[in-house]
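Chemist: Dropping a structure here in structure tokens format, bear with me for questions.
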């Protein structure tokens, strides 16, 4: 799909747009005939050139086995078979059969996902093959589903969720998420090159040999594949998924927003937690890991609103009696288009501030994040050791994590998790060994401040329809 436009060749129903409360022509008054009902399938005339482009990519992969020094028979077979499959499936994608046009491109994209994993699973001996498969896999996914986007339907309806003041799926809203995913990918790729022995040293700008200590630790080697490479694949998929769908994907592609949200939010939190545990499990810090974790944290804050809009839409569609299964996989629109809360909608514009609608900076959350950072450095400053020092490292990082996630207005209630962390910080010096006298009183003061700061909600600038009761 091209941004904010109908799919090339897809003909929208002959209905006249009606002005939405914000002045945008986003709603469609549908004719009474069944064929034009919201959610009706539209003729899909996806462009054919992306499938021809994928044939070229498949040919490139299949012939790479003769042009590159693989050093791995398994990888040679993988690339040859993958290339042939891409060519064959791309031919099927050009078929006139509706079922083939639906499943063949998606199967092609799975081959692309395999290509992202193959050099990690087989521990590619050469950097050329790793780069070849990574770029080839990404291109296969792009041409198979991002450009052609088979099975997409134009579903008339509102651009803005009911009762919301803005659309969380616009391209400006997605732009920082896409950029941060790319940052995470480049950092992970460099660490993967070290794990696969393409580069022999990795000088950390702040922690000396810290990054190499982390990447060569027993924790890292416990993974069957390079753990940094696994992160690189995750960031690449997030990057590509950021381009999927148009600006109404919160209601036209609930399945995709769900998978994107799972990839960013829960898996992101797990990834951040593992990074937080580095000084405890390994005894070293890793600057690229910390930067990637910071990027992931910001991505979580920026993604929560779109996930919440999608969940709210599914609940409202179910309340109208629509099939939840059908709406989840095929998308839809609400029959009752009334706004839940009166008020203007933000215009669909491309400008810097539009990227951060739904995220605000309450001073209490910013201060709590600073206190969390201080806790991470306090043991070395105040002389704590042992379990007390580990507690400060871990809980301080978790306080920062929760504070940044709570910057998202739809996730503002998450701040109360920091009340529990603050209570633990107060109790920890008395329960754990190794706390110096100054560190003990520092923990008591910081813990009390964190608890008090979390009692203030902070300003909520935007409107979120029925979900506002859980925010305000």
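Read the figures in this text as sums done on the coordinates, not as results from a lab. If you're wondering where the values come from, they're calculated on a predicted model, not measured in any experiment. In this analysis, Cβ positions are derived from the backbone assuming ideal geometry, glycine residues included, and neighbour counts consider all displayed protein chains.
Chemist: Just need the Rg to Rh number for segment 49-147, please, alpha carbons only, Kirkwood Rh. Let's see the in-between values first.
Modeler: On the way: Rg = 13.0 Å, Rh = 13.1 Å.
Radius of gyration over Kirkwood radius for segment 49-147 works out to 0.99.
Chemist: What ranking, highest mean first, results for peptides 194-202, 461-469, 131-139 when packing means the other Cβ atoms within 10 Å averaged over each residue? Show your work: numbers first, answer last.
Modeler: Details: 194-202: 15.0, 461-469: 18.0, 131-139: 21.4.
Put in order of decreasing packing, that is 131-139, 461-469, 194-202.
Chemist: Sticking with this structure for a sec: Once fully extended, how much extra length lies between residue 455 and residue 471, figured as 0.36 nm per residue of separation less the alpha-carbon to alpha-carbon distance?
Modeler: Working: separation 16, 0.36 × 16 = 5.76 nm, distance 1.31 nm.
Between residue 455 and residue 471, full extension yields 4.4 nm more.
Chemist: Set the Förster radius R0 to 41 Å, insert the Cβ-Cβ distance between residue 416 and residue 336 as r into 1/(1 + (r/R0)^6), and round the FRET efficiency to 0.05. It would help to have the intermediate numbers written out before the result.
Modeler: Numbers: r = 33 Å, r/R0 = 0.81.
Step by step, r from the Cβ atoms, then E = 0.80.
Chemist: Full-extension gain between residue 175 and residue 274, please, as 0.36 nm times their residue separation minus the C-alpha to C-alpha distance. Numbers along the way, then the final one.
Modeler: Working: separation 99, 0.36 × 99 = 35.64 nm, distance 2.66 nm.
That pair, residue 175 and residue 274, stretches by 33.0 nm at full extension.
Chemist: Using a Förster distance of 30 Å, how high is the FRET efficiency between residue 326 and residue 56, based on the Cβ-Cβ distance and rounded to 0.05? Walk me through the numbers before you get to the answer.
Modeler: Details: r = 37 Å, r/R0 = 1.23.
So the FRET efficiency works out to roughly 0.25.
Chemist: Given a cut-off of under 8 Å on Cα pairs at least six residues apart, what relative contact order in percent is computed for the chain? Kindly include the intermediate steps, with their values, before the conclusion.
Modeler: On the way: 781 pairs, mean separation 73.5, N = 472.
Reported as a whole number, the value is 16 percent.
Chemist: Between residue 68 and residue 380, with labels modelled 7 Å along Cα→Cβ, what's the label distance in nm to one decimal, could you check?
Modeler: 3.9 nm
Chemist: Continuing with the same structure: Quickly work out the residue 448-to-residue 80 label distance, labels modelled 7 Å from Cα along the C-beta direction, and quote it in nm with one decimal.
Modeler: According to this spin-label approximation, the distance is 7.3 nm.
Chemist: Sorted by mean Cβ packing within 10 Å, highest first, what order do the peptides 430-436, 116-122, 267-273 take?
Modeler: Values: 430-436: 15.4, 116-122: 21.1, 267-273: 17.4.
In descending order of packing, they fall as 116-122, 267-273, 430-436.
Chemist: In nm, to one decimal, how far is the residue 92 label point from the residue 291 one, both placed 7 Å along Cα→Cβ?
Modeler: It works out to 4.2 nm between the two label points.
Chemist: Here's something else I'd like to know. For 345, 238, what ranking results if the residue with the fewest other Cβ atoms within 10 Å of its Cβ goes first?
Modeler: Details: 345 20, 238 24.
The fewest-first ordering by Cβ neighbours comes to 345, 238.
Chemist: Beta carbons within 10 angstrom, averaged per residue: use that to sort the peptides 58-64, 278-284, 349-355, highest first.
Modeler: Details: 58-64: 19.0, 278-284: 16.9, 349-355: 12.0.
The densest-packed peptide leads the list: 58-64, 278-284, 349-355.
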